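Novice: Shown below is the structure under consideration.
Readers should treat all values here as calculations from the given coordinates under stated rules, not as data from a laboratory. This is a predicted model, so every value here is computed, not measured. Cβ coordinates were reconstructed from backbone atoms using ideal geometry, including for glycine residues, and neighbour counts include every protein chain displayed.
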Amino acid sequence: MMFSRRHMTVIDWWLFFLLMAIPLVNIIVFILLLVSAGTNKSLKNYLLALILPIVIMIVLFATGMISMGLLGGMGG
């Protein structure tokens, strides 16, 4: 697989960003690269860095919704 080389070339990065621009394909490629054991270490770290803010926002949103639901239920 081209994303498993020790050093990714400019062409590899360009192809990666091209694949990430295609709807639905980007999700499949994202997941496959993330779970594959042979994925380039810097690419895997980049993917994890992309996911981290999304996970943080989901947790904050869920926490906010739960706390507003609990506070709303206590007042009435």
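Novice: Karplus couplings for segment 17-29 from phi (6.51 cos²θ - 1.76 cosθ + 1.60, θ = phi - 60°), rounded to Hz, Gly and Pro as x?
Specialist: Using θ = phi - 60°, the values come out as 5, 5, 5, 6, 8, 8, x, 6, 5, 4, 5, 5, 5 Hz.
Novice: On to the next question. Of Phe30, Phe16, Phe61, which is the most mobile in a GNM of the chain whose springs link Cα atoms less than 10 angstrom apart?
Specialist: Highest fluctuation of the listed residues: Phe61.
Novice: In a Gaussian network model over the chain where Cα atoms closer than 10 Å are linked, find which of Ile27, Ile11, Ile66 has the largest mean-square fluctuation.
Specialist: Ile66
Novice: Find, to one decimal place in angstroms, the Kirkwood hydrodynamic radius of the chain, where the mean of 1/r is taken over every pair of different Cα atoms and then inverted.
Specialist: 14.8
Novice: Could you give each residue of segment 36-46 its phi-based ³J(HN,Hα) in whole Hz, using Karplus coefficients 6.51, -1.76, 1.60 with θ = phi - 60°, and x for Gly or Pro?
Specialist: Whole-Hz 3J(HN,Hα) from phi for segment 36-46: 6, 6, x, 5, 3, 4, 5, 5, 5, 5, 5.
Novice: R0 = 25 Å: FRET efficiency of Thr63 with Val35, Cβ-based, nearest 0.05?
Specialist: Numbers: r = 27 Å, r/R0 = 1.10.
After rounding, the FRET efficiency stands at 0.35.
Novice: Once you keep just the Cα pairs under 8 angstrom separated by 6 or more residues, what percentage relative contact order results for segment 2-75?
Specialist: Dividing the mean separation by the residue count of segment 2-75 yields 28 percent.
Novice: Convert each backbone phi in segment 56-61 into a coupling constant with the Karplus relation 6.51 cos²θ - 1.76 cosθ + 1.60 (shift: θ = phi - 60°), then list the ³J(HN,Hα) values in order as whole Hz, x for Gly and Pro.
Specialist: Karplus-based 3J(HN,Hα) across segment 56-61 equals 4, 5, 5, 5, 5, 5 Hz.
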